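All remarks here apply to the structure that follows.
The values are calculated or read from the model by the stated rules, or taken from the named source; none is laboratory data. What you see is a predicted model, and the numbers here were worked out from it, not measured in a lab. Reconstructed Cβ throughout: ideal geometry from the backbone, glycine too, with neighbour counts over all protein chains shown. Note: accessible area is taken over every heavy atom of the protein model, side chains too, but ligands, DNA and RNA are not part of it. Shrake-Rupley method; radii C 1.70, N 1.55, O 1.52, S 1.80 Å.
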Amino acid sequence: MTGGNRGIGLATARRFARAGDRVTVTYRGAEPPVSEGLIAVRCDVTDSQQVDQAFKEAEAAHGPVTVLVANAGVTHDRLLVRMSEEDFTSVVDTNLTGAFRVARRAIRGMLREGHGRIVLISSTVALHGAAGQANYAAAKAGLVGFARSLTHELGSRDITCNVVAPGLTETDMSRALTEEQRRDLLSQTPAGRLARPEEVADVVAFLAGAGYVRGAVIPVDGGAGLGH
Ligand code: NDP
């Protein structure tokens, strides 16, 4: 689980640990709260060496990684006219290339085990776009093509790759929105509220157990996209 020290990542890690799975989460700054079945390793997903080291530590503690959740993500919102190349590439580097780095490292062990589940955390912004989020939307949409390509490459193995696309979820990331942005988004959401991180975790857990769902994009958006 990348980015497992808070938000959706921590909620998902706790859900797996409660179910009896051995879970490794990554963190960059302060170490997250650890509990039964859950360990933390330091890793910045923009650095391949740190990714490799994190996998080595996870494998040493828990054995082969058979479920990977690529969750680490950042936003850096700017209208395109004001967006620097660094604003764009840094967001792609974490959200999309970061997922590539961890998936490529995970695949080795999954091929050896003959089994694997990869879940990529995208966003409904990937499907609809959003003003000020061209960088984030491009990165999150890239995950869809990435997952579907892996699905073709790994079709004959018991290795699946799917995408979860949350709508606005109650975490530090969504707390950065203004009241007006929140109101606007909620007015288009039949559920009339934000998602709880645990509700995203439920869908990730479902995909970790679903061997014949492949290349799917599952929105968790309170009905905002009516299934799309
Ligand atoms: P948070 O901001 O609460 O957490 C983001 C997590 O990603 C943190 O653990 C953070 O670590 C980690 N992270 C960021 N950059 C890196 C990096 N370079 N290397 C390793 N870890 C990194 O966000 P959420 O929990 O809300 O978001 C989780 C995922 O869900 C993200 O991919 C996000 O884009 C997506 N999402 C969120 C939505 C929302 O409304 N909240 C809606 C749709 C999608 P650190 O603590 O070190 O910064």
*Count of residues meeting criterion [without any contact (Cβ under 8 Å) to a residue 40 or more places away in the chain and closer than 18 Å to residue 207 by Cβ] in region 66-99*: 0
_Verdict on residue 201 being surrounded by fewer than 18 Cβ atoms within 10 Å (Cβ to Cβ), among the aliphatic types (A, V, I, L, M) and more than 8 Å from the ligand (Cβ to nearest atom)_ = no
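Okay, residues lined up against (1) part of a helix (DSSP H, G or I); (2) modelled with pLDDT under 95:
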site	(1), (2)
110	yes, no
123	no, no
137	yes, no
141	yes, no
152	yes, no
155	no, yes
174	yes, yes
180	yes, yes
185	yes, yes
*Can you name every residue in region 160-198 that is more than 22 Å from the chain's Cα centre (by Cα), open to solvent by 80 Å² or more (accessible area, probe 1.4 Å) and closer than 24 Å to residue 76 by Cβ?*
179, 180, 181, 183, 184, 188
*Answer yes or no: is there a residue in region 192-202 that is in contact with a Leu (Cβ under 6 Å, 6 or more places away or on another chain), of a type in the set (A, V, I, L, M, F, W, C) and assigned to a loop (DSSP other than H, G, I, E, B).*
yes
*Restricting attention to region 22-49, which residues are within 13 Å of the ligand (Cβ to nearest atom), among the charged types (D, E, K, R) and modelled with pLDDT of 90 or more?*
28, 42, 44, 47
*Looking only at residues in region 100-145 that are touching a residue at least 40 places away in the same chain (Cβ under 8 Å) and of a type in the set (Val, Ile, Thr), which one is nearest to residue 58 (Cα to Cα)?*
102
*Select from region 152-180 the residues that are more than 15 Å from the ligand (Cβ to nearest atom) and within 19 Å of residue 97 (Cβ to Cβ) and list them in ascending order.*
153, 161
